[in-house]
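The values are calculated or read from the model by the stated rules, or taken from the named source; none is laboratory data. Quick caveat, the model's predicted, so the values are computed rather than measured. Methodologically, a virtual Cβ is constructed for each residue, glycine included, from the backbone with ideal geometry; neighbour enumeration extends over all protein chains shown. Side chains included, ligands, DNA and RNA excluded: accessible areas come from the protein's heavy atoms. Shrake-Rupley method; radii C 1.70, N 1.55, O 1.52, S 1.80 Å.
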Amino acid sequence: MFTILTTWVSERIITVTAVSVLAVAAVPTTLIITSHDEHNAKTTVAVIQPADEHSKVVLVSAVKKAGDAVIAKLNTAESTCGTQVTQVVNTSKVAAKVQPKLATAKTQIHGSVAPLIAAIKSDEDRFAHLKFVTPQDEENELAEFNLIQVIALGDGHSTGTITVTCQTVLITIQETIQITVIQEVPNVCKTKDDED
């Protein structure tokens, strides 16, 4: 009976230890993550080591370069859209009357671009000030910048928010031509009796 009880207790303890799926141990320069699969009794170990100072500078520089490239594309899109709106207004015969709408349109376009640029600059700054940086962190930032670019400018198959904003602004600035047709009453032949 003592043997059966010891076996039962040891099986329960093994089961309890097998349930612990994730254990994390942090060492000053390395993060070790271990995972245990209770069904196959496999242990997976992933070692994530922060980059040294030179590698960190390279990673931060790569993220900054990618972020600045997206900002340049956003600024170009804003400028192109603003130019298109200005051309539409200038070719209009009622350009003076539409100037206030032009100012509103440019504000609307800038309002679509500015938050995206602010988000990119914020991400660049946050990434530059991380204490530890890994190549995976860099990949995550680059994926985030790519997502912002697709949302703002589209992916070639769909339009982005800036493109849609520009099209909306161009559609709202329209010239209305009103044509009035005046119909003349034709002269009817009068008889001698009608004249009296």
Discussion item. Looking at region 58-78, I want the residues that are within 14 Å of Glu144 (Cβ to Cβ) and have a partner that is open to solvent by less than 30 Å² (accessible area, probe 1.4 Å) and not β-branched (Val, Ile, Thr) with Cβ atoms under 6 Å, at least 6 apart or on another chain. Which pairs are those?
Written reply: Val63/Phe127; Val63/Glu141; Lys64/Glu124; Ala66/Phe145; Gly67/Glu124; Gly67/Phe145; Val70/Phe145
Discussion item. Just to be sure I understand the filter: pairs with C-beta atoms under 9 Å, separated by 6 or more residues or on different chains, first member in region 112-141 and in contact (Cβ under 8 Å) with a residue 40 or more places away in the chain, second member of a type in the set (Gly, Ala, Ser) and open to solvent by 60 Å² or more (accessible area, probe 1.4 Å). Which pairs pass?
Written reply: none
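Quick one: is Gln84 part of a helix (DSSP H, G or I), open to solvent by less than 90 Å² (accessible area, probe 1.4 Å), modelled with pLDDT of 80 or more and touching a Cys at 6+ places or on another chain (Cβ under 9 Å)?
Details: part of a helix (DSSP H, G or I): yes; open to solvent by less than 90 Å² (accessible area, probe 1.4 Å): yes; modelled with pLDDT of 80 or more: yes; touching a Cys at 6+ places or on another chain (Cβ under 9 Å): yes.
Here the answer is yes, as Gln84 does meet what is asked.
Out of the residues in region 140-157 meeting the condition of being of a type in the set (Gly, Ala, Ser) and not in a loop (DSSP other than H, G, I, E, B), tell me which one is nearest to the chain's Cα centre (by Cα).
Residues of region 140-157 of a type in the set (Gly, Ala, Ser): 143, 152, 154, 156.
Then keep just the ones that are not in a loop (DSSP other than H, G, I, E, B); that gives 143, 152.
Numbers: Ala143: 10, Ala152: 5 Å.
That would be Ala152.
Go through region 122-139 and give me each residue that's part of a helix (DSSP H, G or I) and surrounded by 14 or more Cβ atoms within 10 Å (Cβ to Cβ).
First pass over region 122-139, keeping only residues part of a helix (DSSP H, G or I): 122-128, 135-139.
Listed by number, the residues that qualify are Asp123, Glu124, Phe127, Ala128, Pro135, Asp137, Glu138.
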